[in-house]
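Since the structure comes first, as structure tokens, the remarks are kept for the end.
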Amino acid sequence: MASDDIWILGIKMTKFGKHADKDTVDLAAEAAMAAMADGGVTMADMGVLAAGCLMGGGGLGQQLQKQIGQTGIPVYNVSNACATGATALRTVIMALKAGECDMGLAVGVEKLAGAGLLGAGGKPKSDKNVYEPSGRYGAVVPTDGRIGTDNMPGVFAQVGMEYGHKYGGATFELFAKISEKNHMHSTLNPLAAYSKAMSLEQIMGDMMIAYPNTRPMCSANCDGAAAAVLVTGAKLKTLSLEQQRRAVKVSASVLTSDPYEEACQILPNVNTLTRRAAKQAYEQAGVGPSDLNLVELHDCFATAELVHYDNLMLCEEGGAVDFFNSGAPFRDGARPVNVSGGLQSKGHPIAATGIANVWEVCHHLRGEAGPRQIEGAKVGLAHVIGLGSACGIHILEKSAA
Amino acid sequence: MSKQIPVVDYLVLGDSPHLVAHECTSCGARFFDRRNACAGCFGTTFKPVSIATDGEVRAFTIVAFAAPGVAVPFVSAVVDCGGTSVRGNIINTEPDPDHVKLSMKVRLVTTSIGTDDDGTEAIGFGFEPIS
Ligand SMILES: [Zn+2]
């Protein structure tokens, strides 16, 4: 192992779902302590901590330290929409690459159970009923719902429909089939918030949230946390052979934001920044899409999964529909996608998601995924996107040791 | 006639209602909001341009839940108006996938949003199918 490589030494996610008796610090502590135990290290070994909790206000990192160990190390509280977890990972990796320390901890946590659908809330105007233009559009009433939609299921529905407009074939039934796949995958994941298979008829017949996304085609709000311990190659060489054997190499770590393009301020363009991040990640890792044994991508809605097949270059440009219909993204296919069940069934505790999907990939690369193990997995990719926008991609490789 | 106010400042009322954008004089990028600079080329000079009122639906969704005061279901869409993308609702048709289609031709129309305590009427806009 090269000294300047970065490795995941320990990683863990909590069960996703309802944790009524635990607060965000409890969940973050559970994941962080489990990740350190998994890596055979303690807070005394950590040189940096990056922590994210999107809805919980600031300061999670220090609150966490006060429960699991106040060692005086620098804390970075990060916030980057649904890419917050990936941003925490990336922050620790940058500190390691900069040579500031040789080991660090990244944590993401969220409590969302019962929060309803993201982005559906409006901001009512004040009591007085006199129209007065305000904001960057000089609006006299809230524009959400009157001039298009701000709600996440609707925004991502349009993202999928736009792909259909460009390339064809993206029907309601196709999107529902993508969801059927992920719900089927979730039956093998005991940590998923929902782990029941759903038939195509059930999915299509469920409550319509924003056509063509019905309720089971939307990511599930839930509570959960995930944490990872990262280490430099130089430090890893000094650790035990068992630690070296279970360590997973971070072959690429990339974070992008959305570059300007016509229409990107009308409907968020989730394609440009994902494609850029993927290109950079494949270059960094020296692997191509056909080398990937599994992919965890950001299926916040069924309509989003389709476009990311293309953005991550798992298929030819414009070929996402054919790629899905070929069976490739199923767990027994050529390029398994979201074998964890994806955000639609595993759940989406926002700031935890970008570390939990890395955990899923590591779980398979270490050969520890039990009944849902992708046999012989050597290389995997984890992708998240947060609107606004931020895209995080990590490519992970099994240890050669 | 009672006073009217556009729902947003980029909607121009009058005999032929239309939208106006700020066009970057360096790169031609168009924006509907108040600008500090251009997101494409960082230029700081803009000129107002009128946007075509006819367009084609490039993406849509039918939203079933919304904030209080917003009628549901409603159709949100991205409309290509002569090369400029515009966000708006599809109105004056049934909000279902049998009546709203990708690539459908539409035109901008105005609609009353309400009247405030001073008697001022807010005028919004949407796109209706061209039959
Ligand atoms: Zn410009």
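Bear in mind that the values in this text are calculations on the coordinates, not laboratory data. Predicted model, so just to flag it, every value in this text is computed and none were measured. For neighbour counting, all protein chains shown are included, and Cβ atoms are generated from backbone atoms with ideal geometry for every residue, glycine included.
Mind giving me the FRET efficiency for A:Lys66 and B:Asp118? R0 is 60 Å, r the Cβ-Cβ distance, nearest 0.05 is fine.
It comes to 0.65.
Can you flag which of A:Lys18/A:Lys398; A:Lys181/B:Lys101; A:Lys249/A:Lys346; A:Lys111/A:Lys181 are past 30 Å Cα-Cα?
A:Lys18/A:Lys398
Any idea what Rg and Dmax come out to for the range A:291-332 if you just take the C-alpha atoms, in Å?
Just the Cα atoms of the range A:291-332 yield Rg and Dmax of 9.6, 26 Å.
Whole number please: convex hull volume per residue of the Cα set in the range A:1-89, in Å³?
118
Report the charge-dipole magnitude of the range B:4-129 in Debye, nearest 20, computed about the Cα centre from +1 at each Lys and Arg Cβ and -1 at each Asp and Glu Cβ.
So the magnitude is around 620 debye.
Assuming R0 = 51 Å, can you tell me the calculated FRET efficiency for the pair A:Glu100 and A:Asn325, based on Cβ-Cβ distance, to the nearest 0.05?
It comes to 0.60.
Given labels modelled 7 Å from the Cα in the Cβ direction, how far is it in nm from A:Ala334 to A:Asp4?
Once both label points are built, they end up 3.6 nm from each other.
Could you go through the range A:188-195 in sequence order and give the Karplus-derived ³J(HN,Hα) for each residue, using 6.51 cos²θ - 1.76 cosθ + 1.60 with θ = phi - 60°, rounded to whole Hz, and x for Gly and Pro?
Working through the residues one at a time gives 9, 10, x, 8, 6, 5, 10, 10 Hz.
So which cysteines of chain B have no other cysteine's Cβ under 4.7 Å from theirs?
Among the cysteines of chain B, those whose Cβ sits 4.7 Å or more from every other are B:Cys81.
What is the range A:307-401 by shape, rounded, prolate or oblate, if you read a ≥ b ≥ c off the alpha carbon gyration tensor as root eigenvalues and call it rounded for a/c under 1.5, prolate for a/b larger than b/c, and oblate otherwise?
Oblate.
Could you check which residue among A:Leu381, A:Leu27, A:Leu200 shows the biggest mean-square fluctuation in a GNM of chain A with a 10 Å Cα cutoff?
Residue with maximal mean-square fluctuation among A:Leu381, A:Leu27, A:Leu200: A:Leu200.
So which trypsin sites (Lys or Arg not before Pro) in the range A:181-237 end up in coil per DSSP with only 16 or fewer other C-beta atoms within 10 Å?
A:Lys196, A:Lys237
Which whole number gives the average, over all residues in B:79-92, of C-beta atoms from other chains lying within 10 Å of the residue C-beta?
3
Rounded, prolate or oblate: which fits the range B:4-129, taking a ≥ b ≥ c as square roots of the Cα gyration tensor eigenvalues, rounded meaning a/c under 1.5, else prolate when a/b beats b/c?
oblate
When a/c reaches 1.5 or more, the comparison of a/b and b/c decides; with that in mind, is the range A:324-378 rounded, prolate or oblate per its Cα gyration tensor?
Here the range A:324-378 falls in the oblate category.
Quick one: pull the percentage of alpha-carbon pairs in chain A with a separation above 34 Å.
Counting pairs separated by more than 34 Å, the tail of P(r) holds 25 percent.
Among bridges DSSP assigns within the protein assembly as shown, what percent are antiparallel (round to 5)?
Once the DSSP bridges in the protein assembly as shown are tallied, antiparallel ones form about 80 percent.
Mind checking which lysines have their Cα closer than 30 Å to the Cα of B:Lys47? Skip sequence neighbours fewer than 8 apart in that chain.
List returned: B:Lys3, B:Lys105.
Write out the trypsin sites (Lys or Arg not before Pro) in the range B:57-108 meeting two conditions: DSSP loop, and at most 14 other Cβ atoms within 10 Å of their Cβ.
B:Lys101
Enumerate the aspartates and glutamates that A:Lys279 could reach by cross-link, defined here as Cα to Cα under 13 Å, with residues fewer than 8 away along the same chain left out.
A:Asp310
Which FRET efficiency, nearest 0.05, do B:Arg35 and A:Asp291 yield, Cβ-Cβ r, R0 51 Å?
0.70
Treat each spin label as a single point 7 Å out from the Cα along the C-beta direction, and report the A:Ser134 to B:Thr45 distance in nm.
If labels sit at A:Ser134 and B:Thr45, their model points lie 3.5 nm apart.
Along the Cα-to-Cβ line of A:Leu200, 7 Å from the Cα, sits a label point; which residues in the range B:60-91 have backbone N less than 15 Å from it?
none
Exactly which chymotrypsin sites (Phe, Trp or Tyr not before Pro) in the range B:1-65 are in a DSSP loop and have at most 13 other Cβ atoms within 10 Å?
B:Phe42
Rounded to whole Å and ordered largest first, report the semi-axes of the equivalent ellipsoid of the range A:205-309 derived from its Cα gyration tensor (root of 5λ).
34, 20, 13
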